[in-house]
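Read the structure below first, then the notes.
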Amino acid sequence: MKKIAILGSTGSIGTQTLEIVRENTDLEVVGLAAGSNVELLEKQVREFRPRLVSLQSEKFCKELKLRLADMEVEIVSGMEGLIQIAEMEESEVLITAIVGMIGIQPTIAAICKGKDIALANKETLVTAGHIIMPLAAQKGVSILPVDSEHSAIFQSMQGENRAQVSKLLITASGGPFRGKTKADLENVQLEDALKHPNWAMGNKITIDSATLVNKGLEVMEAKWLFHVDFDQIQVVVHPQSIIHSMVEYVDGGIIAQLGMPDMKLPIQYALFYPNRRPMAGKRVDFYELGSITFERPDIETFTGLKLALRAAREGGSMPTVFNAANEEAVRLFLQRKIRFLQIPEIIEMCMQAHKRIENPEVKAILAAEQETYELIRAKF
């Protein structure tokens, strides 16, 4: 029986992880953490019966306690609650499906307790990869990627000598606005940006896919996960989303991982690695597919990706500023307070204003995040 805890259990990755638990009786959920979705968390607690659950605030905890008055479950809140979930003695794997930099401290806590990490919280490595990866190596902990692109790279490296990797090719669907010009994007509405052509995801990551910011974050994450230079990472637009990413080796050979666009496959792979399990669902039909195509990303129209690559190369605290500025800008866009094209404009403004720190500790990372939020909130 493998015991797991999930941060972000009511989100897209969290709920799909629980679908996998339903289908595999040798998985047991011992801890769940959510933000504010009390109703769904109550249902999850009643079904999976974890010992410990966490919510964003004490207010939500009080509501959940009333709803679960007939059950024996400990309910905690805030960052302390997330860390309690991360450190649970009985859990073996922590699934970090929480959105944002809030995932850094619980991830560090779990690693220090020797837990393997099934990583879906890309912000953790984007902003603190220089802390997380050496710590994981020191503690003998596995960081198992859950993002479909990073899982594809990880799968394409199995049985290979990583020292012989020449290039990582990270695929992107291009999002709902692929092929559009900046003029086309001037008046796009929120509903348009939330219509991803291939993937069903949460609102934040769907907007990040529309701006191509998500692909920039994945480039930053890949550097830390696979110990490569940024010059060895290439973004390739692949509209069909069948090839999830590829690895080129020194002899020119390329290994790719293909499959239907379904997040359950990389989640399940991370949970049972190095083994594979049967999984229901549609399979790729190459006769039906017919062809697959590739394009160069348009970084002049989708300047979010261009800025991400700049932040990646500058390093230090700059990826934190990029990430925090994007989080706040996306929040404003989701609230219809700014236009779509203002997202990269806000990111660039924050990057220009920031004085870069070379090797920030967690305290400095969180301070840079807060400073970025404050700069944006002062102007919007």
Checklist entry - Just one of the numbered conditions (1) within 22 Å of Lys363 (Cβ to Cβ); (2) in contact with a strand residue (DSSP E or B) (Cβ under 6 Å, 6 or more places away or on another chain); (3) not in a helix (DSSP H, G or I) is not true of Val99; which one? => result (2)
Item to check | Answer from Ile20, Ile13, Ile104 - the residue that is more than 27 Å from Asn323 (Cβ to Cβ) and touching a residue at least 12 places away in the same chain (Cβ under 8 Å) | outcome: Ile20
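Suppose we filter Gly304, Gly281, Gly316 for residues that are on the phi > 0 side of the Ramachandran plot, of a type outside the set (Lys, Arg) and either in contact with a Pro (Cβ under 7 Å, 6 or more places away or on another chain) or assigned to a helix (DSSP H, G or I) (or both); which single one remains? Quick ask: steps written out before the conclusion?
Working: Gly304 fails: on the phi > 0 side of the Ramachandran plot; Gly281 fails: either in contact with a Pro (Cβ under 7 Å, 6 or more places away or on another chain) or assigned to a helix (DSSP H, G or I) (or both).
Answer to the check: Gly316.
Of Val99, Val146, which residue is under 27 Å from Ile255 (Cα atoms) and either in contact with a helix residue (DSSP H, G or I) (Cβ under 9 Å, 6 or more places away or on another chain) or open to solvent by 10 Å² or more (accessible area, probe 1.4 Å) (or both)?
Details: Val99 fails: under 27 Å from Ile255 (Cα atoms).
Residue meeting the stated conditions: Val146.
Where residues in the range 111-143 are touching a strand residue (DSSP E or B) at 6+ places or on another chain (Cβ under 8 Å), part of a helix (DSSP H, G or I) and in contact (Cβ under 8 Å) with a residue 60 or more places away in the chain, which of them is surrounded by the fewest Cβ atoms within 10 Å (Cβ to Cβ)? Full working, then the answer.
First, the residues of the range 111-143 that are touching a strand residue (DSSP E or B) at 6+ places or on another chain (Cβ under 8 Å): 111, 115-121, 124-125, 132-133, 136, 141-143.
Next cut, part of a helix (DSSP H, G or I) only: 111, 124-125, 132-133, 136.
Those left that are additionally in contact (Cβ under 8 Å) with a residue 60 or more places away in the chain: 125, 132-133.
Details: Leu125: 28, Ile132: 22, Met133: 17.
In this case the residue turns out to be Met133.
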Next on the checklist: Anything in the range 16-57 that is among the hydroxyl-bearing types (Ser, Thr, Tyr) and part of a strand (DSSP E or B)? List them, or say none.
Outcome noted: Ser54
Item to check | Residue identified as among the basic types (Lys, Arg), modelled with pLDDT of 95 or more and out of contact with any helix residue (DSSP H, G or I) (no Cβ under 6 Å at 6 or more places or on another chain) among Lys264, Lys355 | outcome: Lys355
Next on the checklist: Just to be sure I understand, how many residues within the range 80-90 are in a loop (DSSP other than H, G, I, E, B) and either modelled with pLDDT under 95 or under 15 Å from Lys139 (Cβ atoms) (or both)?
Outcome noted: 1
Item to check | the range 1-15: number of residues that are part of a helix (DSSP H, G or I) and open to solvent by 10 Å² or more (accessible area, probe 1.4 Å) | outcome: 3
Checklist outcome for this item: For the range 321-380, the count of residues that are within 22 Å of the chain's Cα centre (by Cα), in a helix (DSSP H, G or I) and polar (S, T, N, Q) equals 4
Checklist entry - Identify, please: which residue in the range 200-218 is in a loop (DSSP other than H, G, I, E, B) and open to solvent by 40 Å² or more (accessible area, probe 1.4 Å) and is, among those, farthest from Arg310 (Cα to Cα)? => result Ala200
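Here's the yes/no breakdown for (1) surrounded by fewer than 18 Cβ atoms within 10 Å (Cβ to Cβ); (2) out of contact with any strand residue (DSSP E or B) (no Cβ under 7 Å at 6 or more places or on another chain):
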{"position": "Asp192", "(1), (2)": "yes, yes"}
{"position": "Met220", "(1), (2)": "no, yes"}
{"position": "Phe230", "(1), (2)": "yes, yes"}
{"position": "His244", "(1), (2)": "no, no"}
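Filter the range 259-297 for residues that are of a type in the set (Asp, Glu) and touching a residue at least 12 places away in the same chain (Cβ under 8 Å); which is nearest to Thr96 (Cα to Cα)?
Start the filter on the range 259-297 by keeping residues that are of a type in the set (Asp, Glu), which leaves 262, 285, 288, 295.
Keeping just the survivors that are touching a residue at least 12 places away in the same chain (Cβ under 8 Å) gives 262, 295.
Numbers: Asp262: 18, Glu295: 32 Å.
Per the stated criteria, the residue is Asp262.
The values are calculated or read from the model by the stated rules, or taken from the named source; none is laboratory data. If you're wondering where the values come from, they're calculated on a predicted model, not measured in any experiment. Counting neighbours? That spans all protein chains shown, and the Cβs are built from the backbone with ideal geometry, glycine included. Just the protein is used for accessible areas: all its heavy atoms, side chains included, with ligands, DNA and RNA removed. Shrake-Rupley method; radii C 1.70, N 1.55, O 1.52, S 1.80 Å.
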